[in-house]
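This report refers to the structure that appears directly beneath it.
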Amino acid sequence: MQRLYKRFLKGGVPEYLARYYWWAYLWEKSIWFFDHQPIINAILFGQYNSLLKKTLAHVEAEPGAKLLQLTCVYGKLTPSLLHHTGNEVHLCDVAVGQLNLARSKTRDVAGRCHLARMNAESLAYASDSFDQVILFFLFHELPPQARQHVYDEIARVVNAGGSVLVTEYASTPRHHWLYRFFPSRWVIGRLEPFLPGFWQEDVSAKLGESLQKQGKALAGEPAVEYCFARFYRVMRFEVKA
């Protein structure tokens, strides 16, 4: 298995991505397999459509707004996002296969969908470039240091007066049956090795600290919507103008 993941360590792919998630995001057969709506919905315990609806409700729809989606995701988020807003959307990912998949879904709106191969930890965009930055189940797949880099990059590229939209697992779900039942908690932790650490992370505090480094600040508490008995959450953070 050790030799297997090293086959995917090329073209700037982060070591943690190749080591822990080659089977989910880098292998061409898995890219085909996981991009089926029933599979995605099953992974999210039947909550995909609810999470998508809640996410789209918080997407910036002001005409002329410039949006950044950090990393591609399986399913219909990206085309739904483009059709929902009518705005320009930039989409970056470090995996070529994921970008090709996103391109195949957005041909009818290709003029507004700008794809770029980048690592979310080190973006090539200029500072203060975007009115909204969108993350859909990214943070929990990053080790702590990589998460910190992504917080810092979000804080750099988002405009003062803009927003950050994060759809993710909620904080440690101690009362949820999936967490209380040890076998399911063990399986989730094996498949998502960085999730236990993310469960304990204060996203507001981390983002606020990164914004402060850029001379920016959060405009109060985020708007939060929960899903699946507080197992998942959608958070919209406003950046003070």
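The values are calculated or read from the model by the stated rules, or taken from the named source; none is laboratory data. What you see is a predicted model; the values in this text were computed from it and never measured. Please note: Cβ atoms are built from the backbone with ideal geometry, for glycine as well, and neighbour counts cover all protein chains shown.
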Next on the checklist: Exactly one of these conditions fails for Ala61: (1) of a type in the set (A, V, I, L, M); (2) surrounded by fewer than 18 Cβ atoms within 10 Å (Cβ to Cβ); (3) part of a helix (DSSP H, G or I). Give me its number.
Outcome noted: (3)
Checklist entry - If you take the residues in the range 44-58 that are touching a helix residue (DSSP H, G or I) at 6+ places or on another chain (Cβ under 8 Å) and either on the phi > 0 side of the Ramachandran plot or of a type outside the set (Phe, Trp, Tyr) (or both), which one is surrounded by the fewest Cβ atoms within 10 Å (Cβ to Cβ)? => result Phe45
Item to check | Tabulated pairs, the range 183-196, first assigned to a helix (DSSP H, G or I), second exposed (fewer than 13 other Cβ atoms within 10 Å of the Cβ) and at pLDDT 95 or above, C-beta under 8 angstrom, 6+ apart or interchain | outcome: Ser184/Trp177
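With the structure loaded, tell me whether Pro193 is touching a Phe, Trp or Tyr at 6+ places or on another chain (Cβ under 6 Å) and either hydroxyl-bearing (Ser, Thr, Tyr) or over 19 Å from Ala146 (Cβ atoms) (or both) or whether it fails that test.
Working: touching a Phe, Trp or Tyr at 6+ places or on another chain (Cβ under 6 Å): yes; either hydroxyl-bearing (Ser, Thr, Tyr) or over 19 Å from Ala146 (Cβ atoms) (or both): no.
No: the conditions fail for Pro193.
Going through the range 202-241 one residue at a time, which ones are in a loop (DSSP other than H, G, I, E, B) and in contact (Cβ under 8 Å) with a residue 60 or more places away in the chain?
First, pick out the residues of the range 202-241 that are in a loop (DSSP other than H, G, I, E, B): 202, 214-217, 219-222, 228-231, 240-241.
Within the range 202-241, Gln214, Lys216, Phe228, Arg230, Phe231, Lys240, Ala241 qualify.
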Checklist entry - Being touching a Phe, Trp or Tyr at 6+ places or on another chain (Cβ under 6 Å) and assigned to a loop (DSSP other than H, G, I, E, B), is that true of even one residue in the range 74-93? => result yes
Item to check | Failed item, numbered, when Glu153 is tested on (1) farther than 19 Å from Val234 by Cβ; (2) out of contact with any Cys (no Cβ under 9 Å at 6 or more places or on another chain); (3) free of Cβ contacts under 8 Å to residues at least 60 places away in the same chain; (4) surrounded by fewer than 20 Cβ atoms within 10 Å (Cβ to Cβ) | outcome: (4)
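Would you please name the residue that is nearest to Arg147 (Cα to Cα), looking only at residues in the range 1-45 that are part of a loop (DSSP other than H, G, I, E, B) and touching a residue at least 40 places away in the same chain (Cβ under 8 Å)?
Applying the first criterion (part of a loop (DSSP other than H, G, I, E, B)) to the range 1-45 yields 1, 7-14, 27, 35-36, 44-45.
Of the ones still in play, those that are also touching a residue at least 40 places away in the same chain (Cβ under 8 Å) are 11-14, 35, 44-45.
Numbers: Gly11: 21, Gly12: 17, Val13: 16, Pro14: 13, Asp35: 25, Leu44: 21, Phe45: 25 Å.
Looking at the filtered set, the residue picked out is Pro14.
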Item to check | Pair list, Cβ under 6 Å, 6 or more apart: the range 71-94 residue at positive phi, other residue in a strand (DSSP E or B) | outcome: Thr71/Asp93
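When you scan the range 29-70, how many residues do you find that are of a type in the set (Asp, Glu) and more than 17 Å from Gln132 (Cβ to Cβ)? Write out each step before concluding.
First, pick out the residues of the range 29-70 that are of a type in the set (Asp, Glu): 35, 60, 62.
After this cut, where a residue has to be more than 17 Å from Gln132 (Cβ to Cβ) as well, the list is 35.
The qualifying residues number 1.
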